[in-house]
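A short write-up of the structure that comes next.
The values are calculated or read from the model by the stated rules, or taken from the named source; none is laboratory data. The structure displayed is predicted, hence computed values, not measured ones. All Cβ positions, glycine included, derive from the backbone under ideal geometry; neighbour counts span all protein chains shown. We work out accessible area using only protein heavy atoms, side chains counted, and drop any ligands, DNA or RNA first. Shrake-Rupley method; radii C 1.70, N 1.55, O 1.52, S 1.80 Å.
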Amino acid sequence: MAIPESNKGIAIAIQAQGLSKHYGALQAVQDLHLNIPQGQFYGLLGPNGSGKTTTIHMLTTLARPTTGQARVAGFEVTTQSVAVRQAIGLVFQESALDPTMTVAENLRFAAALYNLPPPLANQRIDELLMLFNLQNKRQQRLTTLSGGMRRALDIARGVLHRPQILFLDEPTLGLDIPNRRAIWRFIEQLRREGMTVFLTTHYLEEAEACDRVDFLKQGRLISGGIPKQLTAKLGDYILELEAEEMDTVENRLKGRLGSALWEPGSLSFRVTDPQFSFASLQEELGNTVSAMRWRRPNLNDVFLWTLNDGVGD
Ligand SMILES: Nc1ncnc2c1ncn2[C@@H]1O[C@H](COP(=O)(O)OP(=O)(O)OP(=O)(O)O)[C@@H](O)[C@H]1O
């Protein structure tokens, strides 16, 4: 079924129906359906090789879908690719900047590619350098900037033409915590200005800020939801146990706590009873376990359990 033409001033920023990409026998993305409203901060999460970049490539016209359709900012990605490209900003893991140019030269070059008239380009460049705290670096070559500053400049380049939708593929990968925080402040600011943001990240604590997250497992979308609701739905606590005889421990607790999630060296259970007595359990298990910990669930747990058995909506 074709995606209906949407009007200008669309309420849906990104829409996909049955979107798939095959590389020979490999089904990198399979039958993807998306409906991302304008202004949403959306996170697509998944392990390495699950199809996140391939999805972004199809939505941004860089890869042709094998089957299915997608509309971005109201435009069809295969037949209206120029209009899609004008409406979006892209920040990929590989920098789009030229290391031999200065900060200002890089932005002026990008502005020329976007056909921005020079007075407007200069005004936007000034605003962005201020926003990204790079106003004192404008004459410096990229090689003299820190990794965080370069990534900030990559984002500035991606939003120079004020795109309706910004695609960020692992924007903080490889950055240290202060630089990651700085990048997040900029993304928050763009989001406050009403930009739709489509994000992939490995740092799941960062995805907690998303309005919605979904998960990809081997190219298939597993429906997620609002991060806070997902963690609440997972349970009150995550119980982690280490034991010599993990099978025995799982069999003993399965009736009360459900199946365990197996990770190298430990077993985890979801505890959905807020009154659960960990002290009694500790006493009961005695020295059949070598370690026992419990804590509140986070999005990382949701991710692991979702890939395991699905806890989304
Ligand atoms: N051009 C290509 N030709 C052949 N296979 C490809 C190509 N691009 C991606 N793939 C394969 O498609 C699958 C999905 O890759 P993709 O890069 O989309 O995953 P990802 O979730 O973005 O991974 P990562 O988190 O490691 O970046 C992988 O098995 C990958 O090897």
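Students often get this wrong: which residues of region 193-229 have the backbone nitrogen under 11 Å from the point 7 angstrom along Cα-to-C-beta of N300?
Under cut-off, by backbone N: 203-206.
So how tilted is helix 246-257 from the main axis of the chain? Cα-based, degrees 0 to 90, rounded to 10.
90 degrees
Consider a paramagnetic label point 7 Å from the Cα of T67 along Cα→Cβ; state which residues of region 194-234 have an amide N under 17 Å from it.
219-221
So how tilted is helix 103-113 from the main axis of the chain? Cα-based, degrees 0 to 90, rounded to 10.
The helix 103-113 is inclined about 70 degrees to the chain.
Quick one: net charge around Q275, please, counting Lys, Arg +1 and Asp, Glu -1 for every other residue with C-beta under 14 Å from its C-beta.
-1
Semi-axes, largest first, in whole Å: what does sqrt of 5 times each Cα gyration tensor eigenvalue give for region 236-296?
16, 13, 11
Using the heavy atoms of the protein chains and a 1.4 angstrom probe, tell me the accessible area per residue for the chain in square angstrom.
Computed with neighbouring chains in place, this is 48 Å² per residue.
I want to verify a result. In a Gaussian network model of the chain, Cα cutoff 10 Å, which of these has the top mean-square fluctuation: A209, A28, A112?
Of A209, A28, A112, the Gaussian network model singles out A112 as fluctuating most.
Stokes-Einstein D for the chain at 25 °C, 0.890 mPa s, Kirkwood Rh over Cα pairs, in µm²/s?
Values: Rh = 21.6 Å.
The Stokes-Einstein estimate is 114 µm²/s.
Of the options L134, P297, T55, report the single residue whose Cα projects farthest towards the positive end of the charge dipole of the chain (beta-carbon charges: Lys, Arg +1; Asp, Glu -1).
Checking the options against the dipole of the chain, the answer is L134.
Could you check the spin-label model distance between A83 and E242? Points 7 Å from the Cα along Cα→Cβ, value in nm.
5.8 nm
For region 87-197, with only Lys/Arg (+1) and Asp/Glu (-1) charged at the beta-carbon, what is the dipole magnitude about the Cα centre, in debye rounded to 20?
In debye, rounded to 20, region 87-197 gives about 260.
So how far apart, in nm, are the two label points at R252 and E105 if each is 7 Å from Cα heading toward Cβ?
Each label point lies 7 Å from its Cα, and together they span 6.8 nm.
Efficiency by 1/(1 + (r/R0)^6): what FRET value for E94 and S280, r their Cβ-Cβ distance, R0 = 41 Å, to the nearest 0.05?
0.15
Starting from the Cα of K52, draw a straight line to each of the lysines and keep only those under 18 Å, dropping any in the same chain fewer than 8 residues away.
K21, K217
If I build a Gaussian network model for the chain, linking alpha-carbon pairs within less than 10 angstrom, which residue out of N106, N48, N115 has the largest mean-square fluctuation?
N115
Please tell me the relative contact order of the chain in percent, rounded to the nearest whole number, where contacts are Cα pairs under 8 Å and at least six residues apart.
19 percent
Using +1 at the Cβ of each Lys and Arg and -1 at the Cβ of each Asp and Glu in the chain, identify which of L285, S259, T200 lies farthest towards the dipole's positive end.
Final value for the positive-end residue is T200.
Out of the total accessible area of region 12-225 (probe 1.4 Å, heavy atoms of protein only), what percent is carbon and sulfur?
Ligands and nucleic acids excluded, carbon and sulfur reach 51 percent.
Give, rounded to the nearest 20 debye, the magnitude of the charge dipole that the chain has about its Cα centre when Lys and Arg contribute +1 at Cβ and Asp and Glu contribute -1 at Cβ.
On the way: 32 positive and 33 negative charges, 270 e Å.
The dipole of the chain has a size of about 1300 debye.
Kindly sort K254, K21 by accessible area of their heavy atoms, largest first, with the probe set to 1.4 Å.
K254, K21
With both partners inside the chain, how many of the DSSP beta bridges are antiparallel, as a percent to the nearest 5? The partial results should precede the final answer.
Numbers: 33 of 50 bridges.
Restricted to the chain, the bridges split so that about 65 percent are antiparallel.
Working from Cα positions, state the angle (0 to 90°, nearest 10) between the long axis of helix 118-131 and the longest principal axis of the chain.
Compared with the principal axis, the helix lies near 30 degrees.
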